[in-house]
Amino acid sequence: MERPLTANIRPGEEPLNLRDYERVGGYQAVHKALAKMTPAEVTDVVKQSGLKGRGGAGFPTGLKWTFVPMGRDAPARKYLVLNADEMEPGTFKDRFLLEGNPHQIIEGMIIAAFAIQADVGYIFLRREYAVAEIRLRRAMAEAYAAGHLGKDILRSGFTFELRLHTSAGRYMCGEETGLLNSLEGKRANPRAKPPFPQTSGLWGKPTVVNNVETICNVPHIVNKGAEWFRSLSRTEDSGTKLYGVSGKVNRPGLWELPMGTPMREILEEHAGGMRPGLKFRGALPGGASTDFLVERHLDVQLDFSAVQAAGSRLGTGTIIVLDDKTCPVGMVWNLEHFFAQESCGWCTPCWGGLQFVEHILLALENGAGRAGDLEILQSHTRLLAPGNTYCALAPGAMEPLQSALKYFREDFERHLHERRCPWRQQENRTAIPSKATK
Ligand SMILES: Cc1cc2nc3c(=O)[nH]c(=O)nc-3n(C[C@H](O)[C@H](O)[C@H](O)COP(=O)(O)O)c2cc1C
Ligand code: SF4
């Protein structure tokens, strides 16, 4: 089975330097794109490949690039931004690529920039990814020295300057317009859309924001073609996917597998099944901001449409497993605590609503729930639904909650009626300190 994204990553070891990367075929796609293809041809092969963005929303990458103004009348300056802010609980796939093969990222960025004719690129990197920063800086220096970055790359006439920006770090900095504000030195509040970044992005200029995993696919598509990329998958959505698993499984980790690999196969064959004495109760299939799937969904093939049909989202493809000895109310409280802290405060339903949701979940978990609490929680899943807030943070935060209320309702009710957390009692654990809400 082909694993184009991770084939040259050696976990626990330094990433390939420029010479070794070139020895395994690195930068050949840059040569091919710049010497033999037009920007429109590059965009077209990416479009034909069916690559969908791996940052969470799954928007078709080639199509996104076509929204950028091209030709003589296009603005002189355009930007390509790599979204490497990965901060969602449970998600660690981009880190693996950033640390494991920085030249693959640089190569993907050069080609994407060529396709949209951007002359400046930014890597927007989460500050905590310190190892990735060191490795990226080293790879960028090598790429500049070899003439792969900078002016007149490979004497093609194409110029691309790449800069690395380490972010002070908020979850909102990962939302693409919040990210652009942050790069401009402003607060990371989102921008109203339209205009979309592709026409008015960084400093008002056309800008494409792409995820790390998305960009890493680009050199391979240019090298091997759209058909090859489609053939990697087990379903309609093309390519491979980095699937991660966390929770009480035998082997938590990350694997590059064909897009559309069933959840059962990932959990049993790759993650080694549940730890002894524990049973699978449910999982968030695409990271913290997706809906729970349960046992009857284990055979769902994890791609964008199948997961949606099952009532959730592929998101980042990183699965968070809930076992039968972990309290679902406590787990959801933990996630809402994160989302409430990360709200940028721009819209009232989000900053006020998330704090309220978190407060109620904590009270339930500590045995201090009140009649009507579950209805209040349920009403917030409607109040914070898509369309009621500026960005997708709040609706995303409601996904684990709404699905937990659906699948684990009796657990919420037990907390309410027994005035205690059944799991906490069982494990003789104490209440969560209420200062956790501050
Ligand atoms: C609150 C929030 C946080 C996000 N964080 C990230 C992130 O860390 N990395 C990322 O690539 N996309 C993130 N996204 C999605 C981006 O807004 C955007 O859709 C993505 O970077 C586009 O890249 P793609 O088309 O290659 O997927 C986030 C979205 C929201 C609403
Ligand atoms: S939904 Fe939340 S994070 Fe998004 S803009 Fe509104 S307040 Fe900010």
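The values are calculated or read from the model by the stated rules, or taken from the named source; none is laboratory data. Computed from a predicted structure; not experimentally measured. Because the Cβ atoms are built from the backbone with ideal geometry, glycine has one as well, and the counts that use them run over all protein chains shown. Surface areas here come from the heavy atoms of the whole protein model, side chains and all, with no ligands, DNA or RNA. Shrake-Rupley method; radii C 1.70, N 1.55, O 1.52, S 1.80 Å.
Of the residues 387, 352, the single one that is within 16 Å of ligand 2 (Cβ to nearest atom), part of a helix (DSSP H, G or I) and without any contact (Cβ under 8 Å) to a residue 12 or more places away in the chain is 352.
If you take the residues of the range 398-424 that are more than 12 Å from residue 332 (Cα to Cα) and part of a loop (DSSP other than H, G, I, E, B), which of them is nearest to ligand 2 (Cβ to nearest atom)? Among those that are more than 12 Å from residue 332 (Cα to Cα) and part of a loop (DSSP other than H, G, I, E, B), it is 421. Tallying residues that are among the aliphatic types (A, V, I, L, M) and either closer than 13 Å to residue 121 by Cβ or more than 16 Å from ligand 2 (Cβ to nearest atom) (or both) within the range 187-213 yields 4. Out of curiosity, is residue 395 within 16 Å of ligand 1 (Cβ to nearest atom), modelled with pLDDT of 95 or more, open to solvent by 10 Å² or more (accessible area, probe 1.4 Å) and in a helix (DSSP H, G or I)? Against the criterion (within 16 Å of ligand 1 (Cβ to nearest atom), modelled with pLDDT of 95 or more, open to solvent by 10 Å² or more (accessible area, probe 1.4 Å) and in a helix (DSSP H, G or I)), residue 395 qualifies.
Being basic (Lys, Arg) and either within 22 Å of residue 84 (Cα to Cα) or in a loop (DSSP other than H, G, I, E, B) (or both) is a property that residue 10 has.
Looking only at residues in the range 355-375 that are away from ligand 2 (no atom under 16 Å from the Cβ) and closer than 26 Å to residue 248 by Cα, which one is surrounded by the fewest Cβ atoms within 10 Å (Cβ to Cβ)? In this case the residue turns out to be 367. Among residues that are farther than 16 Å from residue 405 by Cβ, polar (S, T, N, Q), assigned to a helix (DSSP H, G or I) and within 16 Å of ligand 2 (Cβ to nearest atom), residue 341 is included.
Within the range 56-65, is even one residue away from ligand 1 (no atom under 16 Å from the Cβ), buried (at least 18 other Cβ atoms within 10 Å of the Cβ) and part of a loop (DSSP other than H, G, I, E, B)? No. Scanning the range 174-187 for residues being of a type outside the set (S, T, N, Q) and buried (at least 23 other Cβ atoms within 10 Å of the Cβ) gives a total of 6. Of all residues in the range 119-140, which are over 17 Å from residue 55 (Cβ atoms) and either free of Cβ contacts under 8 Å to residues at least 24 places away in the same chain or open to solvent by less than 10 Å² (accessible area, probe 1.4 Å) (or both)? Correct list: 120, 130, 134, 136, 139.
The set of residues in the range 211-228 that are away from ligand 1 (no atom under 13 Å from the Cβ), of a type outside the set (A, V, I, L, M) and crowded, with 24+ Cβ neighbours inside 10 Å comprises 219, 220. Against the condition within 16 Å of ligand 2 (Cβ to nearest atom) and under 22 Å from the mean Cα position of the chain (by Cα), how does residue 177 come out, does it pass? Judged against the criteria, residue 177 is a match. Scanning the range 118-134 for residues that are within 16 Å of ligand 1 (Cβ to nearest atom), closer than 20 Å to residue 46 by Cα and modelled with pLDDT of 95 or more turns up at least one hit.
Residues considered: 112, 76, 35, 29. Of these, the only one that is at negative phi, open to solvent by 60 Å² or more (accessible area, probe 1.4 Å), in a helix (DSSP H, G or I) and away from ligand 2 (no atom under 16 Å from the Cβ) is 35.
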